[in-house]
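J.: Okay, handing you the structure first.
The values are calculated or read from the model by the stated rules, or taken from the named source; none is laboratory data. Computed from a predicted model, the values in this text were never measured in an experiment. Positions of Cβ are backbone-derived with ideal geometry, glycine not excepted, and every protein chain shown enters the neighbour counts. These area figures cover heavy atoms from the full protein model, side chains too; ligands, DNA and RNA do not enter into them. Shrake-Rupley method; radii C 1.70, N 1.55, O 1.52, S 1.80 Å.
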Amino acid sequence: MSERYTELVVSPDKSRFGRVAWAIVPAAILPGISLTLMLAGGRGTSEGLGSSAVPAVIVLVALPFLWYVTYAVLHTVNSYVALVDGAVLVRNWARRLTVIEGPGFLVRTPIDSSGIAGEVLIVGDDHAAVMLNPRQWREAELNRVWRNAALQQQQPRDLPTPRELRRRYPTIRIPLYIRHPGIVYTFWTLLVILYIGLVVNVFARI
């Protein structure tokens, strides 16, 4: 983006990831201690890992936390909402850029998706539209962009499903956890079980 044409640039709320991390750490202490004792002593016919239980639990916790930190860094470094030469530019964490040249619109709507998604923001024009999670941004800063871009704020007519939203705004990308929450959570549950089993078996052979 050229500085000469850039009027406003808004970055994601970096403090949100820190608040989530600090909320997770205390909540993970007691389960972590219980898991360490269980892995060390074993259950039933299992002999347990003994002293290897401590590094096993550290690996179990550290790798997912590292994944979360990586996502947080990519999201905060790569994403932005900007007003450039009268157009609204939205770039996501994967550097995919959407340009809203206007006349644009703004819709804040909840989604009927098993109560998973909450409210979302949809910004677009006749050619392109993009979905934002308002919980990941400082809305006061976003509102400055919307006002300066003179976006028309539209009221949702109903409680749309992801399929209905896609039909209204064909170019938006709706995350899988909103479109198919049951499948996504089942997948992550199975992945967590396999991950724990893999780490425990690796340390059992050390």
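J.: Can you name every one of the strands (runs of 3 or more DSSP E) wholly within region 53-141 that holds 3 or more residues which are acidic (D, E) and touching a Pro at 6+ places or on another chain (Cβ under 6 Å)?
T.: Where strands (runs of 3 or more DSSP E) fall fully within region 53-141, none carries at least 3 residues being acidic (D, E) and touching a Pro at 6+ places or on another chain (Cβ under 6 Å).
J.: Which is among the basic types (K, R) and at pLDDT 85 or above, of R157, R138, R205?
T.: Criteria check complete, one pass: R138.
J.: Sticking with this structure for a sec: Does region 161-181 hold any residues that are surrounded by fewer than 15 Cβ atoms within 10 Å (Cβ to Cβ), in contact with an Asp or Glu (Cβ under 9 Å, 6 or more places away or on another chain) and in a helix (DSSP H, G or I), and which are they?
T.: Correct list: E164 only.
J.: Next up: Which residue out of V184, V123, V130, V145 is at pLDDT below 90 and surrounded by 14 or more Cβ atoms within 10 Å (Cβ to Cβ)?
T.: Selected residue: V184, the only one of V184, V123, V130, V145 that is at pLDDT below 90 and surrounded by 14 or more Cβ atoms within 10 Å (Cβ to Cβ).
J.: State whether the residues of region 59-80 include one that is hydrophobic (A, V, I, L, M, F, W, C), open to solvent by less than 50 Å² (accessible area, probe 1.4 Å), at pLDDT 80 or above and within 30 Å of W146 (Cα to Cα).
T.: Yes, because at least one residue in region 59-80 is hydrophobic (A, V, I, L, M, F, W, C), open to solvent by less than 50 Å² (accessible area, probe 1.4 Å), at pLDDT 80 or above and within 30 Å of W146 (Cα to Cα).
J.: Read through the list (1) touching a strand residue (DSSP E or B) at 6+ places or on another chain (Cβ under 6 Å); (2) at pLDDT 90 or above; (3) farther than 13 Å from V81 by Cα, then give the number of the only condition that A150 fails.
T.: That leaves (1) as the condition not met.
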